[in-house]
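Read through the structure below, which is laid out as structure tokens, and then see the notes.
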Number of protein chains: 2
Amino acid sequence: MKQYFKIDEWNIIEEGLHPEENRIYESVMSLGNGHMGIRGNFEEDYSGDTLQGTYIAGVYYPDKTKVGWWKNGYPEYFAKVLNATNFIGIKVLINGVNIDLAKIKVKDFSRILDMKNGYLLRSFTIVDSENRETKIEVKRFLSMSELEIAAISYSITPLNHDADISLIPYLDGDVSNEDSNYNEKFWLEVNRAVDNEQGLLTMKTKKLDFHVTCAMKYDIKENGNDITKEIELIDKEKYVGNKVSFTASKGKTYTLYKYISVTTNRDYDTENIESEAIKKVNNAYSKGFDVLLNEHISAWERIWKESDVVIEGDVKAQQGIRFNIFQLNQTYTGHDPRLNIGPKGFTGEKYGGSTYWDTEAFCFPFYLSTSDQNIARNLLIYRYNHLEKAKENARKLGLNGALYPMVTMNGEECHNEWEITFEEIHRNAAISYAIFNYVRYTDDKQYLLDYGFEVLVETSRFWADRVNYNPRKDKYMILGVTGPNEYENNVNNNWYTNTMAAWNLEYTLEVMEYIKNEHPARFEELKNKLKLQDEEIEKWKDIVNKMYYPYVESLGIFEQQDGYMDKELLNVSDIPKEELPINKHWSWDRILRSCFIKQADVIQGLYFLSDRFDLETKKRNFDFYEPKTVHESSLSPCIYSIIASEIGYEEKAYELYLRTARLDLDNYNKDTDDGLHITSMSGSWLAIVHGFAGMKIKDGMLSFSPFIPKAWNKYSFKIIFRGHLLKITVDKEIITIEQEEGNELTLKIYDKEYTIEANGKITLETNR
Amino acid sequence: MKQYFKIDEWNIIEEGLHPEENRIYESVMSLGNGHMGIRGNFEEDYSGDTLQGTYIAGVYYPDKTKVGWWKNGYPEYFAKVLNATNFIGIKVLINGVNIDLAKIKVKDFSRILDMKNGYLLRSFTIVDSENRETKIEVKRFLSMSELEIAAISYSITPLNHDADISLIPYLDGDVSNEDSNYNEKFWLEVNRAVDNEQGLLTMKTKKLDFHVTCAMKYDIKENGNDITKEIELIDKEKYVGNKVSFTASKGKTYTLYKYISVTTNRDYDTENIESEAIKKVNNAYSKGFDVLLNEHISAWERIWKESDVVIEGDVKAQQGIRFNIFQLNQTYTGHDPRLNIGPKGFTGEKYGGSTYWDTEAFCFPFYLSTSDQNIARNLLIYRYNHLEKAKENARKLGLNGALYPMVTMNGEECHNEWEITFEEIHRNAAISYAIFNYVRYTDDKQYLLDYGFEVLVETSRFWADRVNYNPRKDKYMILGVTGPNEYENNVNNNWYTNTMAAWNLEYTLEVMEYIKNEHPARFEELKNKLKLQDEEIEKWKDIVNKMYYPYVESLGIFEQQDGYMDKELLNVSDIPKEELPINKHWSWDRILRSCFIKQADVIQGLYFLSDRFDLETKKRNFDFYEPKTVHESSLSPCIYSIIASEIGYEEKAYELYLRTARLDLDNYNKDTDDGLHITSMSGSWLAIVHGFAGMKIKDGMLSFSPFIPKAWNKYSFKIIFRGHLLKITVDKEIITIEQEEGNELTLKIYDKEYTIEANGKITLETNR
């Protein structure tokens, strides 16, 4: 395994310039604050290989769907993640030479992502043909306290010479997407303005009329003092800049502070976004770089206080988990229920749309346990707000109820492979499961009354229409589906899908009983609003009672789908190493008819509905399916790891954990250059907290059942639970649970109840 | 049902101009001669809606494959049917006005396809603003005796005025495909030349370097006499023409004869195609129009003598079947084993590639029984010549042996939907079945020694590698396939596929035994060439013995595939009329999980392996599957019709026959504007000959078991069988079989043997 970064607990460090792998470093060094994000691009010009990327949350482009053979029901458009105005740019001329690290001699280059403080630091020294050396140090951040603000300090020190320096902070709206056809541009200029102190550029998307204003203000100081400078305005199509020229003295450091505000008509009326941008950037300018940075660092301090995981005895693991937590928090802050967690976050263009079932199935538990519960709630509200679109989507397929899209930005389906779009319908149950998960964790039953029940009813209606009754077997079946394991398409009775569909119906019935009994008036309202019929409720019950579950009697395991056992039953160890990953080496038909599993499928069901299955059942299924799983999805190993932890396969659990923990830092899948695997980053957190520490909710109580991997000396993590902030520490001998915030709390450890006082702690033996 | 054409036994007649439906008429009026083809376009300019189409057999364009998500194993290129130099063009100016039927007043317009004589006749009178009337009559044909020659006579008669007339016969290589992106052009000019008497234009394709030369020569006569004329040469990029101007006297008829030769470097060395073209066109010119036309008509006479079907009492049916026979003979003449039968023939651009399994499964029996046996043999040789490519194709999928492509031009796969390309593998058995069919019919066992066995072995190797042994059931299975019914994708154990795969292996073993016993020396040669191993032969036997066939015990029917009986079992009559065809109204997933069948699947197997199944079995399966079949492929009703005939469902057989008989003439599928459904045209012939007349080979003997549909008074057809030319006539009372060519022949009628003398005939009672 190649080591790209220096191992460090809090920092991601690139030492020396890596022109050939620049995109990998750019991806990993991405910054984001939920409102916007930028890859780890350079401020100055760079003619080497780079993927310039600036992304604004919720701003996308509806590209025309193009497929070989159109199928009825495909969406007409799919959402493209859109590269936006480059606002970090600073062109640098030293003694008339344009600084371009691909063309100039550079020494002592380093690029450091400081995860504790949330900024990117770059420093290097350039050496010109006359051996004149100039040191440059750049710090930038996207504010976590003022989400529309970015700031950069760009410091230049001519080490052994006096220099004529020009700096051009600019805004450049003339950007394109790498994945566009024929270099098509997606932005039109609306307005631009520039004067000696500031610049402003408003662009709008060619379709959907998203308007984005970037405003910038700058300052140049030498040791805190103003300097003599000449200013030239640069004002051309889609571009504004201020060329600031001055003479720099040997050994002195000159710092350009660039403040940027980014506003969109997603947040303000279109006619106000410029005035808002100006107000925000003026405010940032008044505060100054250091004040802004300190506010930003404080915000990160709070995040780390609530979500940090500490691992002792394994710095690589420590770095990996912190990187994942850092990126998840950069991608989604929960401040806006219209946003969600894209698979690449703000780190690349790949994958259209922002929302997959990844959110509910993999990311949701992380935010649920490490943030204010409103943040998880906003993720639920996001889907509630898309309920009408999900109903339209079901209607397009000729079905009742609501089918949530496989991929979406605004609630509409964005994907167009029939075997996924139309058939990977298990996603619907994940939406319902997140509601269940939220209510179980937070006890916020009000959510069910206000929003949750409607989603449960409409997803149930979908299932009730999508099943078919088989009179020959007196069972309900679900035909023609793709399960979580996408290496099977168009199968009948995928056990996971059938199980989760019946669970969805059952939970809807349970919630209905609760509302009916506890809130009869609200129930009547909801019944009327939803036009709930007694017959459909009877049908749901009938389906729950008569759902068909494929089962292999002789092995005592669930059958992944009808006919799975007819396959040639091999293990991954039977595949020659050079044929892995199979998706790069095998034809699609061979993958489909093989027994090999892309990602947790039956095992995903065992994880979600853990209470329903005993350890022996989990063990039998794990023993059968895990050796057949190639884990060619980044979402796979974490779920297997959690079940392995539960059934006592501690080494296996740790081995599987390692496969996700440093996926991007080690470029494990050889595609980090495209961007980071954001949605799977929660996987390593899940493997630790749900897996190693065995965290569950049992009888409404927080419950742990921890062990510690052999390779580690100690690990600890934070959990927010119903207003309590807990720190759980596990070492080889002792488990310690400390309450950092909150009143007395009763919880379970190894299935025994313990009570922790406010600010109290308990310790007991680690005995698994 | 709208009637587009006048009902006539031998002619397809359009009366009056139909600008809005011009493309439909153009498709139907297409001419072809196996070497080339043209849609029923006008010679003169036409600014109305038209699909200009000239196609040269075997000349295609490799377009880059574009799909949403690439799957390993997809072809990099797919073949596009290429529109070529427009060689029919004649620009007409009368008194300085360019004749364009979209812009000028026209009366008495008719366009007639004369199927007996194989030419297109157009006549009309134009009326100018000063009420000057000019009559035009155009006759054109693509010679069936000189395949590289086309000829046009273009006659003009100023009825009530003297006129200044200019005619410009031209060749125009500046053509494009309608389906190209951004009007991309696919041809480059290589050479052009024009003098007072002739013109020449050589174009080549941008890829693959197909060179095509068109040479033209012309003549203008008035009542057989030369006239005074002025000639102006037109010579511009990709275009040559002769502007011939003369003064025409009232009431006299002036005829331009345009002779065209079309040569390609598929047939000659590239450096010789121009000299060949010139030689050919000079020769045609010397013969003159009438001689050429007579030779052409004689060729058609022979075709009709061997393949005509006569229906009495139903002129619409008569016209329909003749149209189908006519178009099949225009598309494929068997003169070149590198050619095949494209789904649209020479009548449109739709569908890339020229060859589908349609050829072997549907067209082959037609050519086998209505042409010299070399023609059918050439269709087999076509596949033999692609054997190496088919082996490469199997290798791409990681499999042994040979997998013939789903769609091809040169042996390489042209299609890129995974569920078809990789999974619709039953096509392989159709290739073997055609060999069996040919040998059974012709008794030409030498073919097996020379070519057939190699194809049988390699297809068998494919099957042997593609099956998987299921130790739990001690059966071989074929997982992940698409059967002939493409409304099911990626199913396990499609009965048809399993049946035909086992049949393929069995036939290979049978042929092997024959060669081993009868031609031991040749067997040794073949064994060495093919590296035949005893173990693989044992494996084939084992697969034949242990193939798994899904079966529904309770109904005594074959199950279309595993799990079919788990579907909601409805009939087509349960679908609301407005939802038909379902492929236009239902989402793809709904189609897939429904029980509805696109085209004969189990029934196709009953047809191919008819001897193996008794009438009761056929009846049970027909009764179950037919009501579930939507026949949304033009290849479907004919096969059902044949089985219906066999099991005595005479009315049903006739009803199903009607669904294919006039598919294009009545524009039944609303897509005749794209071109004709060439490959399904054999379906109505099959329904009559294999169905109504019950023709089979039994114990090496030709066998009939005829009935006559109620709506008909009499029908007759011709059959070529092992050097015999037979005419079979069936009326309400009597069956007559006349031998027109050949010696004494013993055949079976209603399972009793009869012998016919040379030039003899037998008659017996129609008693079914």
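Within the stretch B:321-344, which residues are surrounded by 23 or more Cβ atoms within 10 Å (Cβ to Cβ), out of contact with any strand residue (DSSP E or B) (no Cβ under 6 Å at 6 or more places or on another chain) and either outside any helix (DSSP H, G or I) or modelled with pLDDT under 95 (or both)?
Passing the criteria: B:Tyr332, B:Ile341, B:Gly342, B:Pro343, B:Lys344.
Which number in (1) open to solvent by 10 Å² or more (accessible area, probe 1.4 Å); (2) over 22 Å from A:Phe608 (Cα atoms) marks the one condition that A:Glu486 misses?
It fails just one condition, (2).
How many residues are of a type outside the set (A, V, I, L, M), open to solvent by 50 Å² or more (accessible area, probe 1.4 Å) and within 10 Å of another protein chain (Cβ to nearest Cβ) if we restrict to the stretch A:549-578?
Matching residues across the stretch A:549-578 total 2.
Tell me the helices (runs of 4 or more DSSP H) entirely within the stretch B:582-625 that contain at least 3 residues that are more than 14 Å from chain A (Cβ to nearest Cβ) and within 25 Å of the chain's Cα centre (by Cα).
B:602-608
Starting from residues that are open to solvent by less than 10 Å² (accessible area, probe 1.4 Å) and part of a helix (DSSP H, G or I), keep the ones in the stretch B:388-402 and report whichever is nearest to the other protein chains (Cβ to nearest Cβ).
Selected residue: B:Ala394.
With B:Thr421, B:Thr442, B:Thr459, B:Thr497 as the choices, which residue is over 19 Å from B:Tyr551 (Cα atoms), touching a residue at least 12 places away in the same chain (Cβ under 8 Å) and within 13 Å of chain A (Cβ to nearest Cβ)?
Every option except B:Thr421 fails the conditions.
Restricting to the stretch B:537-548, and then to whatever is open to solvent by 10 Å² or more (accessible area, probe 1.4 Å) and in contact (Cβ under 8 Å) with a residue 40 or more places away in the chain, can you tell me which residue is nearest to the other protein chains (Cβ to nearest Cβ)?
B:Tyr548
Would you call B:Lys71 within 30 Å of A:Lys584 (Cα to Cα) and either assigned to a helix (DSSP H, G or I) or among the charged types (D, E, K, R) (or both)?
When the stated conditions are applied, B:Lys71 passes them.
Closer than 19 Å to B:Gly345 by Cα, away from chain A (no Cβ under 14 Å) and open to solvent by less than 10 Å² (accessible area, probe 1.4 Å): does that describe B:Ala376?
When the stated conditions are applied, B:Ala376 passes them.
Let me confirm something: among B:Tyr451, B:Tyr476, which residue is within 14 Å of chain A (Cβ to nearest Cβ) and either open to solvent by 10 Å² or more (accessible area, probe 1.4 Å) or modelled with pLDDT under 95 (or both)?
Sole residue among the options that is within 14 Å of chain A (Cβ to nearest Cβ) and either open to solvent by 10 Å² or more (accessible area, probe 1.4 Å) or modelled with pLDDT under 95 (or both): B:Tyr476.
For residues in the stretch B:491-507 being within 17 Å of A:Gln561 (Cα to Cα) and in contact with an Asp or Glu (Cβ under 6 Å, 6 or more places away or on another chain), which is surrounded by the fewest Cβ atoms within 10 Å (Cβ to Cβ)?
This residue is B:Asn492.
Which is among the hydroxyl-bearing types (Ser, Thr, Tyr), surrounded by fewer than 21 Cβ atoms within 10 Å (Cβ to Cβ), touching a residue at least 12 places away in the same chain (Cβ under 8 Å) and part of a loop (DSSP other than H, G, I, E, B), of A:Ser155, A:Ser176, A:Ser129, A:Ser166?
Matching residue, one of A:Ser155, A:Ser176, A:Ser129, A:Ser166: A:Ser176.
Mind checking which residues of the stretch B:644-656 are in contact with an Asp or Glu (Cβ under 9 Å, 6 or more places away or on another chain) and under 9 Å from B:Ala687 (Cα atoms)?
B:Ala653, B:Leu656
Within the stretch A:462-473, which residues are crowded, with 22+ Cβ neighbours inside 10 Å and either within 13 Å of another protein chain (Cβ to nearest Cβ) or polar (S, T, N, Q) (or both)?
Selection gives A:Phe462, A:Arg466, A:Val467.
Quick grid of which residues meet (1) in contact with a Cys (Cβ under 8 Å, 6 or more places away or on another chain); (2) among the hydrophobic types (A, V, I, L, M, F, W, C); (3) open to solvent by 50 Å² or more (accessible area, probe 1.4 Å):
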| site | (1), (2), (3) |
| --- | --- |
| B:Asp614 | no, no, yes |
| B:Arg620 | no, no, yes |
| B:Lys628 | yes, no, no |
| B:Ile642 | no, yes, no |
| B:Glu655 | no, no, yes |
| B:Tyr668 | no, no, yes |
| B:Ser684 | yes, no, no |
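Of the residues A:Lys316, A:Lys279, which single one is open to solvent by 60 Å² or more (accessible area, probe 1.4 Å), in a helix (DSSP H, G or I) and outside the structural domain of A:Gly199 (by TED's automatic domain parsing)?
Exactly one of A:Lys316, A:Lys279 is open to solvent by 60 Å² or more (accessible area, probe 1.4 Å), in a helix (DSSP H, G or I) and outside the structural domain of A:Gly199 (by TED's automatic domain parsing), namely A:Lys316.
When the stretch A:235-251 is examined, which residues are found to be surrounded by 15 or more Cβ atoms within 10 Å (Cβ to Cβ) and not polar (S, T, N, Q)?
Answer for the stretch A:235-251, where residues must be surrounded by 15 or more Cβ atoms within 10 Å (Cβ to Cβ) and not polar (S, T, N, Q): A:Lys238, A:Tyr239, A:Val240, A:Gly241, A:Lys243, A:Val244, A:Phe246, A:Ala248.
Within the stretch A:80-95, is there a residue that is under 25 Å from A:Ser155 (Cα atoms) and open to solvent by 50 Å² or more (accessible area, probe 1.4 Å)?
yes
Would you please name the residue that is nearest to A:Tyr441 (Cα to Cα), looking only at residues in the stretch A:403-418 that are of a type in the set (Asp, Glu) and within 14 Å of another protein chain (Cβ to nearest Cβ)?
My answer is A:Glu413.
Testing B:Asn83 on (1) part of a loop (DSSP other than H, G, I, E, B); (2) in contact with a Phe, Trp or Tyr (Cβ under 6 Å, 6 or more places away or on another chain); (3) closer than 30 Å to B:Phe422 by Cα, one condition comes back false. Which one is that?
(2)
Might you let me know whether the stretch A:17-34 holds any residue that is open to solvent by 10 Å² or more (accessible area, probe 1.4 Å) and part of a strand (DSSP E or B)?
no
Return the only residue of B:Leu171, B:Leu200 being crowded, with 21+ Cβ neighbours inside 10 Å, in contact with a Cys (Cβ under 6 Å, 6 or more places away or on another chain) and assigned by TED's automatic domain parsing to the domain that holds B:Glu230.
B:Leu171
Of the numbered conditions (1) closer than 24 Å to B:Val630 by Cβ; (2) surrounded by fewer than 21 Cβ atoms within 10 Å (Cβ to Cβ), B:Ser594 satisfies every one except a single condition; which is it?
Just one mismatch for B:Ser594, condition (2).
When the residues of the stretch B:63-79 are narrowed to those that are among the hydrophobic types (A, V, I, L, M, F, W, C) and buried (at least 19 other Cβ atoms within 10 Å of the Cβ), which ends up nearest to the other protein chains (Cβ to nearest Cβ)?
Step by step, filter the stretch B:63-79, then rank; the result is B:Phe78.
Which of the residues belonging to the stretch B:436-477 are under 31 Å from the mean Cα position of the chain (by Cα) and closer than 30 Å to B:Arg593 by Cα?
B:Phe462, B:Trp463, B:Arg466
If A:Phe608 satisfies all but one of (1) surrounded by 24 or more Cβ atoms within 10 Å (Cβ to Cβ); (2) more than 22 Å from B:Val491 (Cα to Cα), what's the number of the condition it fails?
(1)
Can you tell me which residue in the stretch B:407-421 is nearest to B:Asp336 (Cα to Cα), limited to those that are open to solvent by 10 Å² or more (accessible area, probe 1.4 Å) and aliphatic (A, V, I, L, M)?
B:Met409
The values are calculated or read from the model by the stated rules, or taken from the named source; none is laboratory data. Quantities reported herein were computed from a predicted structural model and do not represent experimental measurements. All Cβ positions, even for glycine, are placed from backbone atoms using ideal geometry, and neighbour counts span all protein chains on display. To get the accessible areas, we keep the full protein, side chains included, count just its heavy atoms, and leave off ligands, DNA and RNA. Shrake-Rupley method; radii C 1.70, N 1.55, O 1.52, S 1.80 Å.
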